[in-house]
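**Q** Here it is, the structure, as structure tokens.
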Amino acid sequence: MATLSVKRGQRFTLPDWHTNSYLISADAERQRSASHQVRQEARALRNETNNQTKWDEHDNRTRLAERISSVNRWKETLDKCLADIDAEIDALAKVKEAAECALQAKNLPLDVSIECLTLRESRRAIDVVRDPVEEELHKEVKVIDKAKRELQQRVNEAFEQLCLLQEARQQLSCDHRRKMEALEIDRMCLSLNVSSPNISFKVNPTRVPDGSTALDEWEQNSQRNKEHAEAEMKASAELREATVLAIAQTNNELEAQRVAAEFALRKRIRDLERAYDELKWQEQNTLEEIAEMEEDIRRLEEDLRRKTQDLKVAHTRLETRTYRPNMERCRDQVQYGLTDEVHQLEGTIRALRQKLAESRDALDALYRQLHRIQTDTGYKANSLVLDNKCMDSRRKLVVPAEKFVPEVDAFNRTTNPALSLLKNGQLEL
């Protein structure tokens, strides 16, 4: 027959069973409540952290965008400043080149003035005079020297200012390059997101890098570079204006002095021509007077010869009448007439001889005066040739070099017809 199997162990009572069920149910309720609380807190935390993360990321993106905009504004400002300083450097370089050309152009007037002074040193005797032409030429040399010194000073100042502008531009360019790099970095940071392939954890990313500056220092540095460049550009503009004014002023002074010197030279040439013409007229008249004086001396000598023969006749007559015999040697009217004739002839001969001596002295004086006139005519002709050479040399100041044809060939020394006639006249003298 079958037997009933009984499980060994402690037996619980029904209340224990109910109590255990209640406890399990209560613990489950408490655990569910705790779990619900945790879930609610987790959801709230998740929502809060998500919102915080989104807002932080949004704020930082906004800050990055604003920073990019701020750096970009400064970059544009630096771009404009760089363009302005480049334009100013070009303008100052052109003005410096113009000043150098003006300085170089002063060499020709200086050479011409010195050449004119050197030519006029070949004047001779009384024509070596300190006339207005020489004074104006010396004044022209002083004006040119002063203009060259002033232009050289402007060129030196322009060179120094160009160096300062280049230095300011270098600072601007360096700042501009750094801002371009910063823009590129910030734009790359703005483009990053959770899907970007190159994101990763970094070692101590919140550290402050060495050499970091405050925002005020960063802005002050850019502002200082900009103000420094603007100050140098302002100084450069003032220097350009002063240089252009100096070029115009020196050119005007030199032109005025050139006109004054050439006016004095033309006046001197006219005076020399008038003096030359006057001397030629005096020479012609003196030659005519010499010819007349020589003719009169010849006539005086002829008359003196005739009077001497007449006196010989009278002497012979008187001497012959002394041989009349005895009473025939009376002092008759013939004797008295011959005696008076002898006295008259002797007085006439003395007067003729005196007048002949005076005429010969006058003739010698005329020859001396003729020689003096011819010598002075030669001086005037030489001075006229020299001053005409000066005028010809000064044509280089107003005639372009490629169109300038000198009136005097420097190699063959051939001259134009007018100067040739003048030299021929001098050679005749």
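**Q** Mean-square fluctuation check for the chain, GNM, Cα pairs under 10 Å: which of 237, 357, 261 is largest?
**A** Answer for the Gaussian network model of the chain: 357.
**Q** Counting Lys +1, Arg +1, Asp -1, Glu -1, what net charge surrounds residue 68 among other residues with beta carbon under 14 Å of its beta carbon? Mind dumping the intermediate values first?
**A** Numbers: positive: 61, 63, 67, 73, 75, 179, 187; negative: 66, 76, 181, 184, 186.
With Lys, Arg at +1 and Asp, Glu at -1, the net is +2.
**Q** Given a Förster distance of 56 Å, report the FRET efficiency between residue 128 and residue 182 from their Cβ-Cβ distance, rounded to the nearest 0.05.
**A** FRET efficiency, residue 128 to residue 182: 0.10.
**Q** Relative to a virtual label point 7 Å from the Cα of residue 321 in the Cα→beta-carbon direction, which members of the stretch 342-365 show backbone nitrogen distances below 12 Å?
**A** 342-343
**Q** Taking only protein heavy atoms into account and a 1.4 Å probe, give the accessible area per residue of the chain in Å².
**A** Numbers: 29320 Å² over 429 residues.
On a per-residue basis, the chain sits at 68 Å².
**Q** Holding the Cα-Cα limit at 32 Å, pick out from 96/396; 96/389; 80/146; 94/396 the pairs that are longer than that. Don't skip to the answer; put the middle values down first.
**A** Numbers: 96/396 25 Å; 96/389 35 Å; 80/146 40 Å; 94/396 26 Å.
The answer is 96/389; 80/146.
**Q** Grab the alpha carbons of the stretch 265-395, take their convex hull, and tell me the volume per residue in Å³. Walk me through the intermediate numbers first.
**A** Working: hull volume 10.9 nm³, N = 131.
Hull volume normalised by residue count: 83 Å³.
**Q** Something else: Nearest 20 debye, what's the magnitude of the dipole of the stretch 78-171 about its Cα centre given +1 on Lys and Arg Cβ and -1 on Asp and Glu Cβ?
**A** Working: 15 positive and 21 negative charges, 67 e Å.
I would put it at about 320 debye.
**Q** Same structure again: Rounded to the nearest 10 degrees, what's the angle between the helix 14-105 long axis and the longest principal axis of the chain, both from Cα atoms, 0 to 90?
**A** 0
**Q** In the stretch 1-147, with Lys and Arg counted as +1 and Asp and Glu as -1 at Cβ, which of these residues, 110, 25, 141, has the Cα nearest the positive end of the dipole, that is, farthest along it?
**A** In the stretch 1-147, that residue is 25.
**Q** Between residue 195 and residue 76, take the C-beta separation as r, use R0 = 51 Å, and let me know the FRET efficiency to the nearest 0.05.
**A** Details: r = 32 Å, r/R0 = 0.63.
The calculated FRET efficiency here is 0.95.
**Q** Hey, any idea what % of the chain's accessible area is carbon plus sulfur with a 1.4 Å probe?
**A** Working: 15750 of 29320 Å².
Accessible surface attributable to carbon and sulfur in the chain totals 54 percent.
**Q** Shifting gears a bit: Where is the GNM fluctuation largest for the chain (alpha-carbon springs, 10 angstrom cutoff): 11, 258, 350?
**A** 11
**Q** Using only the Cα atoms of the stretch 150-238, build the gyration tensor, take square roots of its eigenvalues as a ≥ b ≥ c, and label the shape rounded, prolate or oblate: rounded if a/c is under 1.5, else prolate if a/b is larger than b/c, else oblate. Kindly include the intermediate steps, with their values, before the conclusion.
**A** Values: a/c = 4.09, a/b = 3.15, b/c = 1.30.
It comes out prolate by the Cα gyration axes.
**Q** So how do 97-108, 141-152, 182-193, 22-33 stack up, highest first, on mean other-Cβ count within 10 Å? Show your work: numbers first, answer last.
**A** Working: 97-108: 16.2, 141-152: 17.7, 182-193: 12.9, 22-33: 10.1.
Ranking the peptides 97-108, 141-152, 182-193, 22-33 by packing returns 141-152, 97-108, 182-193, 22-33.
**Q** Which FRET efficiency, nearest 0.05, do residue 87 and residue 51 yield, Cβ-Cβ r, R0 51 Å?
**A** 0.45
**Q** Enter the accessible area of residue 336 (Å², nearest 10), with the probe set to 1.4 Å and all protein chains included.
**A** 110
**Q** Determine the sum of side-chain charges near residue 292: Lys and Arg each +1, Asp and Glu each -1, restricted to other residues whose C-beta is under 12 angstrom from that of residue 292. Could the numbers behind the result be given before it?
**A** Values: positive: 298, 299; negative: 288, 289, 294, 295, 296.
Around residue 292, the charge tally is -3.
**Q** Give me the distance in nm between label points sitting 7 Å out from Cα along the Cα-to-Cβ direction at residue 340 and residue 65, one decimal.
**A** Output for this residue pair reads 15.3 nm.
**Q** Residues in the stretch 226-268 near a label at residue 149, defined as backbone nitrogen under 17 Å from the 7 Å Cα→Cβ point?
**A** Under cut-off, by backbone N: 246-247, 250-251, 253-254.
The values are calculated or read from the model by the stated rules, or taken from the named source; none is laboratory data. This is a predicted model, so every value here is computed, not measured. Every residue, glycine among them, receives a Cβ derived from its backbone with ideal geometry; neighbour counts consider all protein chains shown. Heavy atoms of the whole protein, side chains included, go into the accessibility calculation; ligands, DNA and RNA do not. Shrake-Rupley method; radii C 1.70, N 1.55, O 1.52, S 1.80 Å.
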